[in-house]
Amino acid sequence: MKRLYRTDGPISGVAAGMAAYFNVDVSLIRLGLVAGTLLGGPVVPIGYVAAWLIIPQAEQAPVAPIMAPATTTAPAPAPAPGPVDTVDTVDTVEPIPADSSADAA
């Protein structure tokens, strides 16, 4: 069941609580309160003060929950580089053709 609570607001949190309850922007609620005050006389400000006194304050979570510090583990070190593959390119040696003139001498 959805309940109406006062939340943090600039004055008392009534408008912010109403906005959260009705799922509308808080600016619309504030505009309605100002318009109602200008057009309706003292009824709206008296109703606002009554709401401030009647509507309970919302329970708030602690600002920073007390928790044990997160343990972080360092990433595993990169593996050491292995032996570098240094394959020398060997020039292919062309076989020396048999020279028939060398045999003739």
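Each value in this text was obtained by applying a stated rule to the coordinates, not by laboratory testing. All values reported here derive from a predicted model rather than from experimental measurement. Cβ: placed from backbone, ideal geometry, glycine included. Neighbour counts: every protein chain shown.
Brief remarks follow.
- For region 14-54: rounded, prolate or oblate by the Cα gyration tensor [a/c cutoff 1.5]: oblate
- Virtual spin-label span in nm between ALA80 and LEU4, 7 Å along Cα→Cβ: 7.3
- Under a 5 Å amide H cut-off, with hydrogens placed 1.01 Å from N, ARG6 pairs with GLN57, ALA58 among residues at least 5 apart or on other chains.
- The slack between LEU31 and THR73, meaning 0.36 nm per residue of separation minus the straight C-alpha distance, is 9.9 nm.
- Ranked by the mean number of other Cβ atoms within 10 Å of their residues, highest first, the peptides 14-24, 35-45 fall in the order 14-24, 35-45.
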